[in-house]
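Peer 1: Next up is a structure, given as structure tokens.
What follows is calculated from the coordinates using simple rules that are stated; it is not laboratory data. Everything numeric in this text was worked out from a predicted model, so none of it was measured. Note that each Cβ is placed from the backbone with ideal geometry, even for glycine, and that neighbours are counted across all protein chains shown.
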Amino acid sequence: MKKLSILWVDDEIDLLKPHILFLEKKNYQVVTAQSGQDALEEIRSNTFDIVFLDENMPGISGLETLQEIKLIDTTLPVVMITKSEEEYIMDEAIGSKIADYLIKPVNPNQILLSLKKSLDHSRLVSERTTANYQQEFRKIAMDLAMVNSFEEWAELYQKLIFWELELEQIEDLSMFEILESQKVEANSQFSKFVDKNYRDWFADDEGPIMSHTLFKNLIKPELKGNKTLLVVIDNLRYDQWLAFEDVVTNHYKRINEVPYFSILPTATQYARNAIFSGLTPLEMEKQHPNWWKNDTDEGGKNLFEAEFLGAQLKRLGLNLKWEYHKISSQRQGKQLVQNFGSQKDNDLTVLVYNFVDMLSHSKTEMEVIKELASNDKAYRSLTLSWFKNSPLLDIIQQAQNMGMKLIITTDHGTINVKQPSKVIGDRETSLNLRYKTGRSLTYEDKEVLAAKEPKKIQLPNINVSSSFIFAKNDMFFAYPNNYNHYVSYYRNTYQHGGVSLEEMIIPFVILEAK
């Protein structure tokens, strides 16, 4: 095994002989230098794995040497060692991206710990993460056999996401594959749970918070005396929220986070209209027939969200000054950024942001997006990149400066579809890949959740004999005509409308300005 090479820079290097001998016994190779200038010559001539650098030296100081080292090799880890505890020295060193900071006198074990943190960090984290997941694997497997409530399913899904994000940071592909198999099994069991219990959730006060009860139960209580920005990011999975949560919390402090459940179909026209109306699709059709549109109706399906919201606010007795904005393009986002100051007197500003939904649809239509978002890890990364450079982040920063409370949520999630499921329907059958509604649908029973009486799950009947079917797991519906082309085109794309953990269990987050 190759010895790791250390350059130790100190004008009193002779006094450190015991430390150097200790490290050499631990199989490290130590080269010494007594000034910053000598150190820079060594670094230009030789390759080192890490540098220990004394801050207080004659000639050029440790901080000046550090700056020169970073010009030669930006990736070389440097551990700063100093007698001084002055804050400006620490700030300067940390600002220059040092690997660690030690105060003299240092003992050999401190040096060894710093080496392991800097050089063995990835390996040690990988080994510990793998060991922890191996332990957790057995517990998750037991939970899967026992889970029997919506609260337990939300908790289990969050646990699976946690391990997915942990394991993607390490190089152990086998562990990641095991987790993927657990996610597949979890979705299979979750589909059975939803099939058995979903109908009761509408009649049972003990059911989960769902799309149509979200505003009344979780948003309304936050509006008392608080100027609030409510951001609904279309099509946002829980793991995507976690991918950019750290960016948001640079400006806001998280007060509460609640997983809630999207209604079926997990599609925008159903779930988002339900959020703003506070009604189920069946109730929307009855109470607001001019605003509600079924799948087969002509025209946009989400054109009356502001009207739905106004009616709900009136029904809830909320006399608020409010505005609603829908952003579907960069230009619209920038316009709102420029004019956001006008929202300062509103009790409630509602912002629907459509980028993530457009991203998932673009993945279907554009080859470049298929390459950039080829799997869930890449999909999260692309979402993070968008958010960090989006007008939405500018809006959130302005809201912070105005002292507004921030609520971030979504209408439904999405899932990467892999397996085709054959379905046959007439020309009036809806077009969505994860759910179908129509007459005389023919399908594989075991691959779908079927609602032959839609009213029992609060969905309207488009025709007297209409039914709904929802794809389970990672299935997507395909017609027999031109089947192979259709399957090839849509496989490994992100779709929504069906029954899965990713589509149904979604985030609701309350944040307070820092």
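Peer 1: Ranking Y198, Y489, Y324 by Cβ neighbours within 10 Å, fewest first, what do you get? Write out the running numbers ahead of the final one.
Peer 2: Numbers: Y198 23, Y489 12, Y324 17.
By the 10 Å Cβ count, ascending, the order reads Y489, Y324, Y198.
Peer 1: Where the convex hull is taken over the Cα atoms of segment 4-119, what is its projected area averaged over directions, in nm²?
Peer 2: Averaged projected hull area, Cα only: 6.3 nm².
Peer 1: Moving to a separate point now. If you plug each phi of segment 385-397 into the Karplus form 6.51 cos²θ - 1.76 cosθ + 1.60 with θ = phi - 60°, what whole-Hz ³J(HN,Hα) values come out, in order, with x for Gly and Pro?
Peer 2: Taking θ as phi minus 60°, the curve returns 4, 4, 4, 5, 10, 9, x, 4, 5, 4, 5, 5, 5 Hz for segment 385-397.
Peer 1: Calculate, for K3 and D205, the FRET efficiency according to 1/(1 + (r/R0)^6) with r their C-beta to C-beta distance and R0 51 Å; round to the nearest 0.05.
Peer 2: For R0 = 51 Å, the calculated efficiency reads 0.15.
Peer 1: Once amide H atoms are built 1.01 Å from N in the peptide plane, which residues 5 or more positions from T493, or in another chain, come under 5 Å H to H?
Peer 2: V417
Peer 1: Related question: What ³J(HN,Hα) values, in whole Hz, does the Karplus curve 6.51 cos²θ - 1.76 cosθ + 1.60 give for segment 254-264 when θ = phi - 60°, with x put for Gly and Pro?
Peer 2: Result, rounded to whole Hz: 6, 9, 7, 9, 10, x, 10, 10, 6, 6, 9.
Peer 1: Suppose we take every Cα in segment 302-350 and form the convex hull; what volume per residue is that in Å³?
Peer 2: Values: hull volume 3.1 nm³, N = 49.
Considering the Cα atoms of segment 302-350, their hull volume per residue is 63 Å³.
Peer 1: On to the next question. Give K388/K455; K3/K104; K405/K455 a once-over and call out the pairs whose C-alpha atoms are over 31 Å from each other.
Peer 2: Those over the limit are K388/K455; K405/K455.
Peer 1: Now for a separate question. Exceeding 26 Å between C-alpha atoms, which entries from my cross-link table qualify? They are K220/K286; K83/K117; K293/K446; K192/K326.
Peer 2: Numbers: K220/K286 24 Å; K83/K117 21 Å; K293/K446 30 Å; K192/K326 36 Å.
Those over the limit are K293/K446; K192/K326.
Peer 1: List H496, H485 from most exposed to least, where exposure is judged by having the fewest other Cβ atoms within 10 Å.
Peer 2: Final ranking by Cβ density, sparse to dense: H485, H496.
Peer 1: Give me, ordered by chain and number, the residues 5 or more places off M57 or on other chains with an amide H under 5 Å from its own placed amide H.
Peer 2: G62
Peer 1: Order these peptides, 276-289, 146-159, by their mean beta-carbon neighbour count within 10 angstrom, highest first.
Peer 2: Numbers: 276-289: 19.9, 146-159: 16.6.
Output ranking for 276-289, 146-159: 276-289, 146-159.
Peer 1: Let me ask you something else. Take the Cα atoms of the chain, find their three principal axes, and give me the spread along each one in whole Å, biggest first.
Peer 2: Cα spread of the chain along its principal axes, largest to smallest: 92, 52, 42 Å.
Peer 1: Neighbour counts of other C-beta atoms within 10 Å: give me I98, I275, I72 arranged from fewest to most.
Peer 2: The order, fewest Cβ neighbours first, is I72, I98, I275.
Peer 1: Here's a follow-up. Can you give the angle from 0 to 90° between the axis of helix 268-277 and the longest principal axis of the chain, with both taken from C-alpha atoms, to the nearest 10?
Peer 2: Value to nearest ten degrees: 90.
Peer 1: So what is Rg over Rh here for segment 416-495, counting just Cα atoms and using Kirkwood for Rh?
Peer 2: Rg/Rh: 0.97.
Peer 1: Sorted from largest to smallest, which semi-axis lengths in Å does the alpha carbon gyration tensor of segment 158-292 give for its equivalent ellipsoid, taking the root of 5 times each eigenvalue?
Peer 2: Value: 31, 23, 13 Å, ordered largest first.
Peer 1: Do the alpha carbons of any pairs in K253/K344; K139/K452; K139/K196 sit beyond 28 Å of each other, and which pairs?
Peer 2: K139/K452
Peer 1: Which one, Q135, L242, V487, is farthest towards the positive end of the dipole of the chain when Lys and Arg carry +1 and Asp and Glu -1 on their Cβ?
Peer 2: V487
Peer 1: Would you work out which of F470, S390, Y324 lies farthest towards the positive end of the dipole of the chain, given +1 charges on the beta-carbon of Lys and Arg and -1 on that of Asp and Glu, about the Cα centre?
Peer 2: Positive-most Cα among the choices belongs to F470.
Peer 1: Shifting gears a bit: Which residue, chosen from P281, L76, I263, occupies the Cα position most advanced towards the positive end of the dipole of the chain, where the dipole is computed from +1 (Lys, Arg) and -1 (Asp, Glu) charges on Cβ about the Cα centre?
Peer 2: Projecting each Cα onto the dipole axis, the largest value belongs to P281.
Peer 1: Then there is this: Using the scaling law 2.2 N^0.38 Å as the reference, what is the normalised Cα Rg of segment 123-201?
Peer 2: Scaled against compact globular proteins, the figure is 1.20.
Peer 1: In debye to the nearest 20, how big a dipole does segment 392-514 give about its Cα centre with +1 on each Lys and Arg Cβ and -1 on each Asp and Glu Cβ?
Peer 2: Taking the Cα centre of segment 392-514 as origin, the dipole is about 240 debye.
Peer 1: Compute the FRET efficiency between I178 and E152 as 1/(1 + (r/R0)^6), taking r as their Cβ-Cβ distance and R0 = 35 Å, and round to the nearest 0.05.
Peer 2: Plugging the Cβ-Cβ distance into 1/(1 + (r/R0)^6) gives 0.95.
Peer 1: Here's a follow-up. Under 5 Å between amide H atoms, partner at least 5 residues away or on a different chain: which partners does S421 have, H built in plane at 1.01 Å?
Peer 2: Under 5 Å from the amide H of S421: F476, F477, A478.
Peer 1: Taking Cα atoms, how many degrees apart are the long axis of helix 330-339 and the longest axis of the chain, rounded to 10 and kept between 0 and 90?
Peer 2: 80
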